[in-house]
Amino acid sequence: MGLEFKTKSNRRECDPISKQLCSFLLRNKDFIEITFILLSEHTSETKHISSYILHNLNYPDIEYSNNLETYHDLMENFYTKDIEYSNSNIDIIAYRRGDLLELLVNEITPLVMCIDFNVIPESHVYENGTKIHDKDVDLITELKDYNKIECIECKANINNYIGNPIDDDTKDKLNFMCMISDKSNSYGVGCDLLFATYRSDISYTKDLLLENSFDNFKIMNSVDLIQRLNAKRLIH
């Protein structure tokens, strides 16, 4: 029977502000790079995001854009806690950063030209009907044309997620993804393991993965993501 992939039943609903910003970026791709810079550096609520935007306006295409004011409004909403979260322990800014990254990565999957494929967000993995781990993977894509799967984990700042030393929870996730790859290969199905991040500087993290024998992971940094998003034709 092999492996099966199913979206977890308790999946959290994607934040609507992340959806709005994603829609804007897909239609105004000149704003993607500055957004990735801001989201990789600013991790919590701030009332000064418009100032940060102005200080990063080194891009003529957006400095004089008719959509700059709309972008300011979207980013201010993105970095403002809704009143329902004002006294909550929920880190809604972290959720939004993660939601947006997953939405954008979903737009570029599969990573190779493929006609017959299936994308499963926040997927649990089952072997012969039994869940192999309580953890999930942000995006698993089944590529029927290639007889392989792509497993992509999205981390807004990969350098914070994979530290030195690698903490136990992160190591458990890495081992889980390696287990998916091993099991997939045992059934004659290829498997690519990837991270996606807003960061551009990933050499330190790549070295840490190699030093800890996780050399089968690839990392899509901001440059990779921007290239893929720019190459994608907007069809909706």
> Which one of Lys81, Lys47, Lys148 has the biggest mean-square fluctuation once the chain is modelled by GNM with Cα springs under 10 Å?
Replying inline: Lys47
>> Between helix 16-27 and the chain, what is the angle of the helix's C-alpha long axis to the longest principal axis, kept within 0 to 90° and rounded to the nearest 10?
In response: 80 degrees
> Ordered by residue, what ³J(HN,Hα) values in Hz, to whole numbers, does the range 121-137 give under the Karplus form 6.51 cos²θ - 1.76 cosθ + 1.60, where θ = phi - 60° and Gly and Pro are x?
Replying inline: x, 6, 8, 7, 10, 10, 10, 6, x, 10, 5, 8, 6, 6, 6, 10, 10
> Where q = 0.18, 0.26, 0.33 Å⁻¹, what log10 of I(q)/I(0) comes from the Debye formula for the range 165-210, counting one point per Cα?
Replying inline: -0.68, -1.04, -1.16
>> Counting C-alpha atoms alone, how compact is the range 84-171: give Rg to one decimal and Dmax as a whole number, in angstrom.
In response: 15.7, 49
> How about the range 161-211: which chymotrypsin sites (Phe, Trp or Tyr not before Pro) there are in a DSSP loop, with at most 10 other Cβ atoms within 10 Å of their Cβ?
Replying inline: none
> Can you list residues whose amide H is under 5 Å from Phe195's amide H, if they're 5+ apart or on another chain and H is modeled 1.01 Å from N?
Replying inline: Glu153, Lys218, Ile219, Met220
>> Between (i) 1.05; (ii) 1.13; (iii) 1.33, which entry matches Cα Rg over 2.2 N^0.38 Å as derived from the coordinates of this structure?
In response: (i)
> Can you list the GluC sites (Glu not before Pro) in the range 2-34 that are in a DSSP coil and have 13 or fewer other beta carbons within 10 angstrom?
Replying inline: Glu13
> In debye to the nearest 20, how big a dipole does the chain give about its Cα centre with +1 on each Lys and Arg Cβ and -1 on each Asp and Glu Cβ?
Replying inline: 400 debye
>> Give the aspartates and glutamates whose C-alpha is closer than 13 Å to that of Lys19, dropping any in the same chain fewer than 8 places away, or say none.
In response: Asp99, Glu102, Glu107
> Tell me, what ³J(HN,Hα) does each residue in the range 167-172 have, in order and in whole Hz, if you take phi through Karplus 6.51 cos²θ - 1.76 cosθ + 1.60 with θ = phi - 60° and put x for Gly and Pro?
Replying inline: 6, 4, 5, 5, 5, 4
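For the range 1-110, which chymotrypsin sites (Phe, Trp or Tyr not before Pro) are both in a DSSP coil and crowded by at most 10 other Cβ atoms within 10 Å? Intermediate values should be presented prior to the final figure.
Numbers: sites: Phe5, Phe24, Phe31, Phe36, Tyr52, Tyr64, Tyr71, Phe78, Tyr79, Tyr85, Tyr95; in loops: Tyr64, Tyr79.
Filter output for the range 1-110: Tyr64.
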> How many angstrom lie between the C-alpha centres of the range 135-165 and the range 1-80?
Replying inline: 20 Å
>> Just want the answer: with Cβ charges of +1 for Lys and Arg and -1 for Asp and Glu, which residue in Leu3, Ile92, Asn216 is farthest toward the dipole's positive end in the chain?
In response: Leu3
>> Compute a Gaussian network model of the chain, connecting alpha carbons closer than 10 Å, and tell me which residue from Ile32, Ile140, Ile62 fluctuates the most.
In response: Ile62
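FYI, it's all coordinate maths here, none of it is from the lab. Being a predicted model, the structure only gives us computed values, none of them experimental. Cβ atoms come from the backbone with ideal geometry, glycine included; neighbour counts cover every protein chain shown.
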